[in-house]
There are 2 protein chains.
Amino acid sequence: MHLTQEQLDHYHDNGYLLIESLLDPREVTALREAFARDCTVPGPHLVTEDAGEEVRAVYASHHRQPEYAGLIRDPRVLGPVRQLLTDDVYVYQFKINAKPAFGGDKWAWHQDYLAWRIADALPAPRQVNIGVFLDDVTEFNGPVIFLPGSHQGGMVRDGRKSGARSEQHLDPDDIALTPGQLAEHVDRYGMSSPKGPAGSVVFFSPEIVHGSAPNMSPFARRLLIATYNDVTNLPSWSGEPRPEYVVCRDSEPLRPLSEPFLDALEGVTA
Amino acid sequence: MHLTQEQLDHYHDNGYLLIESLLDPREVTALREAFARDCTVPGPHLVTEDAGEEVRAVYASHHRQPEYAGLIRDPRVLGPVRQLLTDDVYVYQFKINAKPAFGGDKWAWHQDYLAWRIADALPAPRQVNIGVFLDDVTEFNGPVIFLPGSHQGGMVRDGRKSGARSEQHLDPDDIALTPGQLAEHVDRYGMSSPKGPAGSVVFFSPEIVHGSAPNMSPFARRLLIATYNDVTNLPSWSGEPRPEYVVCRDSEPLRPLSEPFLDALEGVTA
């Protein structure tokens, strides 16, 4: 799949691009089943509620589940990413967030690349994120909110807040815009939150200012976020590197599958 | 002003009715100025931030500010209320909430009438609420969310949670729907949040299940909520009554002004 010039312009002007229903319901079902299966694999990649067994996030499912290994190479996903970034890309980070009913972290307004520069010394903002809706995303269940165009001004903050607690753990507040910075940016850029049925995919810039509303609905909302990075733009660490389930080490350039991931998978297993 | 049959049907079917831009910008400006003026009047009716001087809510401004005394009798507001409820109504409760930037209470999903039955022994749900937008209401700044039609099933909860802390103070959680109750109701009724420019007014039932999203924007959002009650449906207290700024005692039936509140006010002061 190739993005049109209009779609490319939308991404470059606004810092994001939504493609509704890029995946069909059968594929969404398969991805949900693979997520459920992955939630039964114990390990540090599995983040659960403080006090319970409910899964909040899972990292690096593409290392364990063939559906996700296929999805990141699906031509409908990897094709546009290569158009937007460069031919040789790999998956730097992969996670699925299950934003719980009636809540979920209000992840403070931030730019992704600042976190990665601080944590992993990533040299440049040469990434494209994809957000894959595993549930319908509505105004009520904690959609991501973007400030369209805010990716064009570089990093709003230079570094993290002084007194930050750890080099390893990034507290959202450490990299969040101040209230004054955000007010200025919202005045200038406005706010927009792409919504759509399960199977929709939003491509977004590592430099766009965004936040996430709480989930007011009584149902959890699952969202996959994968970050593709330019293979010439690798992380490095002066101290202890972040774990591999958070920062994937395999930077071999990904080549698109010749068909949609589920067809490819069924071809393999048939 | 008279509601059409279609508007009446919408209210009775859904439990709410939004009229966009019912007030004009000049009137909105006058109401904002009156609010700012009222915020300088000290007293228990003024609710401020825990640690600061920022005003969170003001009660009973219609007792102090002529603009609000006029607004509650404005024919565009009182006319529809009388159509929806009955000819003889008075204002039982009046407050203006300033939902702060980046936050604001997530007032748990609830039905207003349950609170009033518990706190004031209000005999029946013979009320109509009005919500007057003093700022534009968007999906981002903490709109009220309704479950359309949920007013038709009576009170979901019978009473407050056992172990409630006080008869006087109503903790939202004491009257909130349980997660299971809410899931069932959202499945059945869906969610809807009326949005519109400043000056819009939403009329809503005391029995409709509703909640309120946090304000994700960097700007405070001011919303006036007044509750009209049938004059034959008065509160009573076995113990200490709630203060008069919370529960207004003057139950003299309100008669509509002959013209919009600002014209009437300017006529008086000219």
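Each chain gives up part of its surface: B and A jointly bury about 1900 Å² of accessible area, both sides summed, for a 1.4 Å probe. Length gained on full extension, B:D173 to B:S236, computed as 0.36 nm times the residue gap minus the Cα-Cα distance: 20.3 nm.
A crude spin-label estimate for the pair A:D263 and B:E244, with each label 7 Å from Cα along the Cβ direction, gives 7.7 nm. Taking A:P218, A:P66, A:P125 as the candidate residues, the one with maximal mean-square fluctuation in a Gaussian network model of chain A, Cα springs under 10 Å, is A:P218. For the stretch B:184-219, the list of chymotrypsin sites (Phe, Trp or Tyr not before Pro) that fall in a loop by DSSP and count at most 14 other C-beta atoms within 10 angstrom is empty.
Placing a pseudo-label 7 Å from each Cα along the Cα-to-Cβ vector at B:E33 and A:E33 gives an inter-label distance of 6.7 nm.
For the rotation carrying B onto A, the chain B residue whose Cβ lies nearest the axis, with the distance in whole Å, reads B:E139, 2. Considering chain B as a Gaussian network with a 10 Å cut-off on Cα pairs, which listed residue, B:G153, B:G103, B:G70, attains the greatest mean-square fluctuation? In this elastic network of chain B, the residue with the biggest mean-square fluctuation among B:G153, B:G103, B:G70 is B:G153. Can you tell me the relative contact order of the stretch A:5-269? Whole percent, Cα pairs under 8 Å, sequence separation 6 or more. Relative contact order here is 35 percent. All C-alpha to C-alpha distances of the protein assembly as shown, sorted into 20 Å bins beginning at zero, yield P(r) values of 20, 47, 27, 6, 0 percent in whole numbers.
Among B:E207, B:E53, B:E184, the residue with the largest mean-square fluctuation in a Gaussian network model of chain B, with springs joining Cα atoms closer than 10 Å, is B:E53.
Annotation for A:E266, label-to-label distances across the other copies: 7.0 nm (shortest first, one decimal, point 7 Å from Cα along Cα→Cβ). Counts of other chain beta carbons within 10 angstrom of each beta carbon in peptide B:130-140 average 2. Database remark: amide H of A:V137 closer than 5 angstrom to the amide H of A:G196, A:A198 (H placed geometrically; neighbours at sequence offset of 5 or more, or on other chains; Pro and chain starts carry no H). For B:V41, the label point sits 7 Å beyond Cα toward Cβ; its separations from the matching points on the remaining copies run 6.5 nm, from shortest to longest. Based on the Stokes-Einstein relation at 37 °C and a viscosity of 0.692 mPa s, and on the Kirkwood radius from alpha carbon pairs, the stretch B:1-126 is assigned a translational diffusion coefficient of 194 µm²/s.
Once the Cβ-Cβ distance of B:A121 and A:R64 is raised to the sixth power relative to R0 = 45 Å, the FRET efficiency obtained is 0.15. Placing pseudo-labels 7 Å out from each Cα toward the beta carbon at A:M1 and B:M1 gives an inter-label distance of 4.5 nm. Here the mean projected area of the convex hull built on the C-alpha positions of chain A is 14.3 nm².
Quick one: Cα convex hull volume of the stretch B:219-270, Å³ per residue?
Cα-based convex hull of the stretch B:219-270, divided per residue, equals 160 Å³.
The values are calculated or read from the model by the stated rules, or taken from the named source; none is laboratory data. These numbers were taken from a predicted model, which means no experiment stands behind them. Positions of Cβ are generated from backbone atoms using ideal geometry, with glycine treated the same way; all protein chains shown enter the neighbour counts. Side chains included, ligands, DNA and RNA excluded: accessible areas come from the protein's heavy atoms. Shrake-Rupley method; radii C 1.70, N 1.55, O 1.52, S 1.80 Å.
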